[in-house]
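Asker: Supplied in structure tokens, the structure appears directly below.
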Amino acid sequence: MRADPSEYEFATPGTMRGVLSLLAQDPGEWLPIAGGTDLMVQFSAGILRARKLVSIWNLPELRRIEKFPEEIQIGAGCTYTDLRAHEAVNREFTLLTSAASWTGGIANQNRGTIGGNVVNASPAGDSLPALLVYGAELLLVSVRGERRVPYRTFHIHYRKTQLEPDELIRAICLPRRFSEYYAQARKVGARNAQAIAKLCLAALGRLEDGVVADIRLAMGSVAPVPLRLTETEQIVKGRRIEPTLVRLARMAVASEIRPIDDMRSTARYRAAVAANLVARFLEQLSAGGNKA
Amino acid sequence: MSESPQERGKGEIILTVNGKLVGVRAHAMERLLDVLRHDLGLTGTKEGCGEGECGACAILLDGVLVNSCLIPVFQAIGADIVTIEGLAADGRLRVLQRAFLECGGAQCGICTPGMILAAFHLLSKKPQPTLEEVREGLSGNLCRCTGYMQIFEAVAEAGRRGGMT
């Protein structure tokens, strides 16, 4: 059933202050809309529950990328195109720009925003595993002030987040300490553009004297939320990458993911490919890629 | 004069379409695609999937390629909107459009306006795109007739001939 546009209210305050006071007035009534690449699909399908939308598209406060010595703060309203075009993000956070490059096609990358991907909270969100391994933190803003929460605790359950009804994500903060890591982003899907992932991996690793000094693994579409593979990381950390260890890592991956059968793939296929992706990453890390 | 139920709640909106200011009466959440096609009669912009997957409704908004099925019309106020009708506004085809004709880049025609706009956007950023860049630039546009090769060739040929003119 197609939606009836006459049933919707639409506000364009044009300023951050205006948006936040609207959200505070009637918490839960107004739904922020940025580029519309998720919400307009729901609208057209007649399944968008909110009846009042407030536009946050192109708010200057949300469209900035700021560099600090310790971190880069990416405005939540930055598009995938903005991320791909930004020199420092491209150089230091390749997992994120790789994910941006295979999100939708160019038209959707010109409208879809990083903040939207986080709030939409799909377990298949392309950029989310990258945020997990980079240890991203979110700046959440409301008329009550600003708070900072680690992204890894933000997704509580399937499509549920810690965001309060009067809050917006203002920025995503990425610590600048991973540029020397070997990085690998993989998407397995029907095709790169447009298709939603059957599963995807973001991985960072660093060897010291042949031993895994640090490893950070996250996957999309293998659990109700984007998943950091902490058990697998624990098994690998501090050890040499040898066939026995790769076998143990495969088992750990299989035990900590919770894949399901759905229209895009099966739990069995996802489990097999998830283990393969992690094994491949470990082998390539040990084959010398301390730097990508 | 009393308003019909469909008219209730509509507002007057001024848009800039293909270089001209136009006024329409529309609900804020109407899709830009519908306003272009139904209110302004610009039916060159096609509806394929209606969910941002196929690119048939692609237009330029301030020079940026977007899918008009995903844009509430209120977000297009103040923007410079270019549809396929705006590309050959004086009735003369552009180099890119001629290349599509010559290379067999159009068959049934449904995807063609979106393909042309995606290609135009690509050439505006990369005047001489590689095949890989053409494939990526057009990856959000689906075609069920050509198998894509003639389309890619048309865009590459337009690049060789100086593209944007």
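Asker: Would you be able to say whether some residue in region A:33-44 is surrounded by 15 or more Cβ atoms within 10 Å (Cβ to Cβ), farther than 20 Å from A:Gln194 by Cβ and modelled with pLDDT of 95 or more?
Answerer: Yes, region A:33-44 contains a residue that is surrounded by 15 or more Cβ atoms within 10 Å (Cβ to Cβ), farther than 20 Å from A:Gln194 by Cβ and modelled with pLDDT of 95 or more.
Asker: Taking A:Asn117 as meeting all but one of (1) surrounded by 20 or more Cβ atoms within 10 Å (Cβ to Cβ); (2) free of Cβ contacts under 8 Å to residues at least 24 places away in the same chain; (3) within 20 Å of A:Glu167 (Cβ to Cβ); (4) within 13 Å of chain B (Cβ to nearest Cβ), write down the number of the exception.
Answerer: Going through the list (1) surrounded by 20 or more Cβ atoms within 10 Å (Cβ to Cβ); (2) free of Cβ contacts under 8 Å to residues at least 24 places away in the same chain; (3) within 20 Å of A:Glu167 (Cβ to Cβ); (4) within 13 Å of chain B (Cβ to nearest Cβ), A:Asn117 breaks only (4).
Asker: Yes or no: B:His27 surrounded by 18 or more Cβ atoms within 10 Å (Cβ to Cβ) and within 14 Å of another protein chain (Cβ to nearest Cβ)?
Answerer: yes
Asker: A:Pro123 fails exactly one of the following numbered conditions: (1) in contact with a His (Cβ under 9 Å, 6 or more places away or on another chain); (2) in a helix (DSSP H, G or I). What is the number of that condition?
Answerer: Unmet for A:Pro123, out of (1) in contact with a His (Cβ under 9 Å, 6 or more places away or on another chain); (2) in a helix (DSSP H, G or I): (2).
Asker: Let me ask something additional. Among B:Leu65, B:Leu61, B:Leu36, B:Leu32, which is the only one that is more than 14 Å from chain A (Cβ to nearest Cβ) and either under 24 Å from A:Gly104 (Cα atoms) or surrounded by fewer than 14 Cβ atoms within 10 Å (Cβ to Cβ) (or both)?
Answerer: Sole residue among the options that is more than 14 Å from chain A (Cβ to nearest Cβ) and either under 24 Å from A:Gly104 (Cα atoms) or surrounded by fewer than 14 Cβ atoms within 10 Å (Cβ to Cβ) (or both): B:Leu36.
Asker: Considering region B:100-114 alone, what residues qualify as being out of contact with any Cys (no Cβ under 7 Å at 6 or more places or on another chain), buried (at least 23 other Cβ atoms within 10 Å of the Cβ) and in a helix (DSSP H, G or I)?
Answerer: B:Phe100, B:Thr112, B:Pro113
Asker: Output the residues belonging to region B:140-154 that are hydrophobic (A, V, I, L, M, F, W, C) and either more than 14 Å from every other protein chain (Cβ to nearest Cβ) or outside any loop (DSSP other than H, G, I, E, B) (or both).
Answerer: Result: B:Cys145, B:Met149, B:Ile151, B:Phe152, B:Ala154.
Asker: Within region A:196-216, identify whether any single residue is closer than 19 Å to A:Arg258 by Cα and more than 16 Å from the chain's Cα centre (by Cα), and answer yes or no.
Answerer: no
Asker: May I ask you to list the residues in region A:48-86 that are more than 13 Å from A:Gly112 (Cα to Cα), in a loop (DSSP other than H, G, I, E, B) and of a type in the set (D, E, K, R)?
Answerer: Once the filter is applied, which keeps residues that are more than 13 Å from A:Gly112 (Cα to Cα), in a loop (DSSP other than H, G, I, E, B) and of a type in the set (D, E, K, R), region A:48-86 yields A:Arg49, A:Arg51, A:Arg64, A:Glu70.
Asker: Is there a residue being more than 20 Å from A:Val188 (Cα to Cα), out of contact with any strand residue (DSSP E or B) (no Cβ under 8 Å at 6 or more places or on another chain) and surrounded by fewer than 19 Cβ atoms within 10 Å (Cβ to Cβ) anywhere in region A:221-231?
Answerer: For region A:221-231, residues more than 20 Å from A:Val188 (Cα to Cα), out of contact with any strand residue (DSSP E or B) (no Cβ under 8 Å at 6 or more places or on another chain) and surrounded by fewer than 19 Cβ atoms within 10 Å (Cβ to Cβ): present.
Asker: Then there is this: Going residue by residue through region B:76-99, is there one that turns out to be buried (at least 17 other Cβ atoms within 10 Å of the Cβ), within 12 Å of chain A (Cβ to nearest Cβ) and either touching a Gly at 6+ places or on another chain (Cβ under 7 Å) or not in a helix (DSSP H, G or I) (or both)?
Answerer: Within region B:76-99, one or more residues are buried (at least 17 other Cβ atoms within 10 Å of the Cβ), within 12 Å of chain A (Cβ to nearest Cβ) and either touching a Gly at 6+ places or on another chain (Cβ under 7 Å) or not in a helix (DSSP H, G or I) (or both).
Asker: Collect the residues in region A:4-47 that are in a helix (DSSP H, G or I), within 14 Å of chain B (Cβ to nearest Cβ) and of a type in the set (S, T, N, Q), keeping them in residue-number order.
Answerer: Correct list: A:Ser6, A:Gln42, A:Ser44.
Asker: Something else about it: Being within 27 Å of A:Glu29 (Cβ to Cβ), at pLDDT 95 or above and surrounded by fewer than 17 Cβ atoms within 10 Å (Cβ to Cβ): is that true of A:Pro60 here?
Answerer: Taking the combined requirement at face value, the residue satisfies it.
Asker: Turning to a different aspect of this structure: Among the listed residues B:Leu40, B:Leu70, B:Leu32, identify the single one that is farther than 22 Å from A:Val41 by Cα and more than 11 Å from the chain's Cα centre (by Cα).
Answerer: B:Leu40
Asker: For region B:1-60, enumerate the residues that are among the acidic types (Asp, Glu) and under 30 Å from A:Thr103 (Cβ atoms).
Answerer: Once the filter is applied, which keeps residues that are among the acidic types (Asp, Glu) and under 30 Å from A:Thr103 (Cβ atoms), region B:1-60 yields B:Glu30, B:Asp34, B:Glu47, B:Glu51, B:Glu53.
The values are calculated or read from the model by the stated rules, or taken from the named source; none is laboratory data. Owing to the predicted nature of the structure, the values given are computational and were not obtained by experimental measurement. Neighbour counts are summed over all protein chains in view; Cβ atoms, including those assigned to glycine, are modelled from backbone coordinates with ideal geometry.
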